[in-house]
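The values are calculated or read from the model by the stated rules, or taken from the named source; none is laboratory data. Just so you know, these numbers come straight off a predicted model, no measurement behind them. FYI the Cβ positions are ideal-geometry reconstructions off the backbone, even for glycines, and counts take in every protein chain you see. Please note that ligands, DNA and RNA were not included when accessible areas were found on the heavy atoms of the full protein model with its side chains. Shrake-Rupley method; radii C 1.70, N 1.55, O 1.52, S 1.80 Å.
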Amino acid sequence: MSPSSDLAHFVRDALRDGRSEAQIRASLHTAGWTETEIDVALSGWMVSDDIGAVPRPVRSSAARDALFYALLFVVFAMVAGNTMTLLFAQINLWLPDPDEPARYSRLAGLRWSMAALIVFTPVFWWIDRTDRRATATDPARRHGTMRRWLSAIAMLVAVITLLGDALYLIYTWLDGQITLRFLVKSATVAVMALIVLAYFREDRDVPLPHLPLPAAWGLIALAAVALVLTFRAVGGPAQGQMEQRDQWRLSDLRTLSEDIHLCPGIDRTDLPETLDPMTCASNPARLTGFASSVRYSRVGPSEYALCTEVEFPAAIEGYGLRVDGNTVCIQHRTD
C-alpha cells in the first residue's frame, strides 16, 4: 500500500519540524491511523541532518490488491449465482407446479452449475481465508480503495435485490397469485442477499450479538447443501454416461427412420413385414454401435415403427417419441 497524500505530508512536515518518530507515531495512533499505515508513512521518509526529510521510493501494491479483490468478487458471484440456481431447482422439485410438466432435462442441465460450484467453492474458501489472515495482520486492508469499491457495488446489488424481492412478493400477494413455492423462492433470494450484505461488510462477519459468524461459512454451507441435493436428484458421472448413450441411441433411431422413409426398393404403399433397418442406412458412418439394436415393425400398409432399448427412460424427451418402459419408439408414415 502507499500512504495517502495527507498522511505523507503530515509526516514530512513533522520530521522537518524536528519531531521524533515516537511522537509522530503517538499522534497518528490518537488520530485513528492503523499501525501498518503509520509504518508505511514513516518508511517513506529519511531524516538527513543537512536537508531534513528526504522522500524514499514507495512501491505501490494497488495493482496487486485490485487483482486480488476483483478475483474475490468474481469467485463470490460465481458461488452465489450457481448456488441460487441449484436451490431454485430443488424448490421446483420439492414443490412442483401442477400446471407445469415435469421434465428431467431441466435437472440434467444443472450439471454446469454443479461443476461451477465444485471448482469455485474451494477457490472462494482459499481466497477468503487468505484475506482474513492478511486483514488480521494488517487492519488497514479493510480501508483499501479497491476493496471498498467492490464491496459497495456488491452491497448495492444486494440492497436492490432485497427491495425488488419485497416488491414482487407484495405485488404477487395483492394479485392473489402467491403460492408456497413462490414464498420459499422469495425467502431464498432474501437469505442470499443478506449473506452478500454481511460478507461485504468491513469485518466480513454476520452481525450476531454474541457469536461473530463469518458470512463466508454461510455461503459455503448453502453451496454444499445445494450440491449434495442436486447430486441426489441428477446423479453423478455414471448417470451422465447412461444419458449420453441413450442420446446416441435416439440419434440412430431418428437417422434410420428417415433412411427407411427414403429407402430404394421398398414399396411405400405396402411395407414389408420384416426389415433390417441397417440395409436402408444411407450413410452407416454416421451411426453408432447402438444402431444394430434398432428394431423394425410394420404398423400398417404405409406405416412403420422403429424401436430401441434405453437405459434411463426418465431422461427421454422429444417430439414424436413414444416411451413404454425401457423401450422408445418412433412411428412414421410413408404415404
(message) Tell me whether the stretch 205-226 contains one or more residues that are modelled with pLDDT of 90 or more and over 30 Å from ARG142 (Cα atoms).
(response) yes
(message) Given the options LEU250, LEU262, name the one that is crowded, with 18+ Cβ neighbours inside 10 Å and in contact (Cβ under 8 Å) with a residue 12 or more places away in the chain.
(response) LEU250
(message) Give me the residue from the stretch 304-335 that is surrounded by 14 or more Cβ atoms within 10 Å (Cβ to Cβ) and over 18 Å from ARG245 (Cα atoms) and, out of that set, farthest from the chain's Cα centre (by Cα).
(response) THR334
(message) Take ARG201 and tell me if it is open to solvent by 70 Å² or more (accessible area, probe 1.4 Å), more than 24 Å from PRO96 (Cα to Cα) and either touching a Ser or Thr at 6+ places or on another chain (Cβ under 6 Å) or part of a loop (DSSP other than H, G, I, E, B) (or both).
(response) yes
(message) Residues that are in contact (Cβ under 8 Å) with a residue 40 or more places away in the chain and under 22 Å from LEU107 (Cα atoms): does the stretch 319-330 have at least one?
(response) yes
(message) Can you list the helices (runs of 4 or more DSSP H) lying wholly within the stretch 66-177 that have 3 or more residues being open to solvent by 30 Å² or more (accessible area, probe 1.4 Å) and closer than 20 Å to LEU219 by Cα?
(response) 111-137, 145-174
(request) State whether one or more residues within the stretch 268-282 are within 23 Å of GLU243 (Cα to Cα) and not in a loop (DSSP other than H, G, I, E, B). (result) no
(request) Could you list, in sequence order, all residues of the stretch 269-296 that are exposed (fewer than 15 other Cβ atoms within 10 Å of the Cβ) and more than 45 Å from the chain's Cα centre (by Cα)? (result) THR269, ASP270, PRO272, GLU273, THR274, ASP276, THR279
(message) So if I check each of LEU7, LEU28, which one is modelled with pLDDT of 70 or more, crowded, with 18+ Cβ neighbours inside 10 Å and more than 43 Å from the chain's Cα centre (by Cα)?
(response) LEU28
